[in-house]
Amino acid sequence: MRLISEFADLCLCFNIDCETGFIGSKKYYEKMFREAEKAQEAFAKADADLQLSRADLEKAKQNSLAKNKACEDSKTDYANQLQKTNLLQQKHYSELMPKVFEQLQSLDERRTASLQNYIKKAAEIHREVIPIILKCLDEIVVAADSIDPKKHALLPPPSPNIALETVQDAETVVEKYKSGFVPADDFPFEDLSVTRNCDSSSTTGSTVNSSFRGPGDTVRGTISTGKKKRSGLFGIFSSNKNNIDEFKDDYSNLPPNQRRKKLLQELDKTRTQINTMTQAREGLFKLKGSYEQNAALGDPQTIQGEINDIGAKLEKLQTDLEKYQNYLTEVDSQMATPDTQKRYRNSFSEGSLSRSASESSVSNNHQNNNKGPPTPITAHNNSTACRPESGLGTSHTSIPDDDGDFEENGYEVDSFEAELLPALGRAVAIYAFDAQSEGSIPMEEGEEFLVVEVDQGDGWTRVRRENLEEGFVPTSYLECTMFNSC
């Protein structure tokens, strides 16, 4: 920039000198030359005129001589300025401008040399980094080769520099989503011919068959034909920081099944540490006895401090063991299976079933007076009618359909629906729950329900969806808000 500024100043000075010196002197010379010619013409005209006086003629002569002298002086000045301008122009184009161009060329050469050095240095640095990059790529290939999506067991890391998390993805998914629930029992085979013979010989009365007939034959069935959203998959591999922040000593932040497993692991770990510490303390006691028998082996008091430290650690481990056992007992009480529920947990109790059956029987007899006696329907009031496994929970009643058409036999589906229980409060699902037994309903995290029956101490709460579907869900999976009137 400095050289460019100097070049611009040089050109400006050259132009100013040309305008003020050479061009100005040339214009003045041209002016004086014209005035001298006019004065000479005026003198010649006066000399030819015989009527002019001698004084006027002398005056014209002196004016002509003065103009000629001024023209000669301007001519001399113009010649001098022309010579100076030519010299300045020669110096400008032969010395000053080439000097500036040489400086610009030198600057560009230095720039090119610097760029050359930068390119060489960048290539050298890249050449030095290539082995590191190749080593990283080799480690990546080794880590990729060690991945086996079919294995659920932990694999050893391929090298000490690779974290263990890269080879335990499948185990992480299994650890995250294993529920620990026992698979449901097989569906029993029902011989309809035997059932029909038993129904024809039974006493009068209309009751409800609670056998499972699939979602197409069920009024508000527990098995939904809709698609479930795949939620919770994006939070499997959360950062270690979040895991550390959410860690709690009693694992109360985990679902009950996961919490129980973690507590069992802590119990095993604590028992192992207690056994190790106990063996170490017994060894120190034996060593102390040897020192007491033979003082030459060492001072017994030097070992007493270690024995005291191990004793303190054992006391702490015993405290932790009791603590985890209490936590485990608490979890086991919360995870009571649905098989232990009381019979009154279901709205279709024996009394309500009998009442509903009697009403439907009277209604059906009235409608079929002119059609002959209706086909009796047997009520199955067995001991499992009030448990979620029975499939006969709340409004999950299944309607038998021998001929595939209710209206042809004079029966209507609505006559079998039980009266809905009043809502006691609202509940929001804290965790997702996949129903494994009949009578329980699945739920997604964040789903809202109406509480129709509170937990009776067995770990299950009865809820209702907006579509009037009801069922049992674990109480520990819910956050309940009861109404003030309850």
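The values are calculated or read from the model by the stated rules, or taken from the named source; none is laboratory data. Everything numeric in this text was worked out from a predicted model, so none of it was measured. Here Cβ is always computed from backbone atoms with ideal geometry, including for glycine, and neighbour counts include all displayed protein chains.
Just a yes or no: is a residue in region 434-443 more than 32 Å from the chain's Cα centre (by Cα), charged (D, E, K, R) and either crowded, with 19+ Cβ neighbours inside 10 Å or in a strand (DSSP E or B) (or both)? Yes: one or more hits. Considering the conditions (1) polar (S, T, N, Q); (2) modelled with pLDDT of 85 or more; (3) closer than 30 Å to GLY439 by Cβ, THR319 is excluded by exactly one of them, (3).
Test ASN80 against the criterion of being in the same structural domain as GLY21 (by TED's automatic domain parsing), touching a helix residue (DSSP H, G or I) at 6+ places or on another chain (Cβ under 9 Å) and surrounded by 12 or more Cβ atoms within 10 Å (Cβ to Cβ), and give yes or no. Considered against the rule, which asks whether it is in the same structural domain as GLY21 (by TED's automatic domain parsing), touching a helix residue (DSSP H, G or I) at 6+ places or on another chain (Cβ under 9 Å) and surrounded by 12 or more Cβ atoms within 10 Å (Cβ to Cβ), ASN80 comes out as yes.
So which residues in region 252-279 are among the acidic types (Asp, Glu) and surrounded by fewer than 17 Cβ atoms within 10 Å (Cβ to Cβ), if there are any at all?
Answer for region 252-279, where residues must be among the acidic types (Asp, Glu) and surrounded by fewer than 17 Cβ atoms within 10 Å (Cβ to Cβ): just ASP268.
Looking at region 239-254, can you tell me whether even one residue there is modelled with pLDDT of 85 or more and assigned to a helix (DSSP H, G or I)? The answer is no; no qualifying residue exists.
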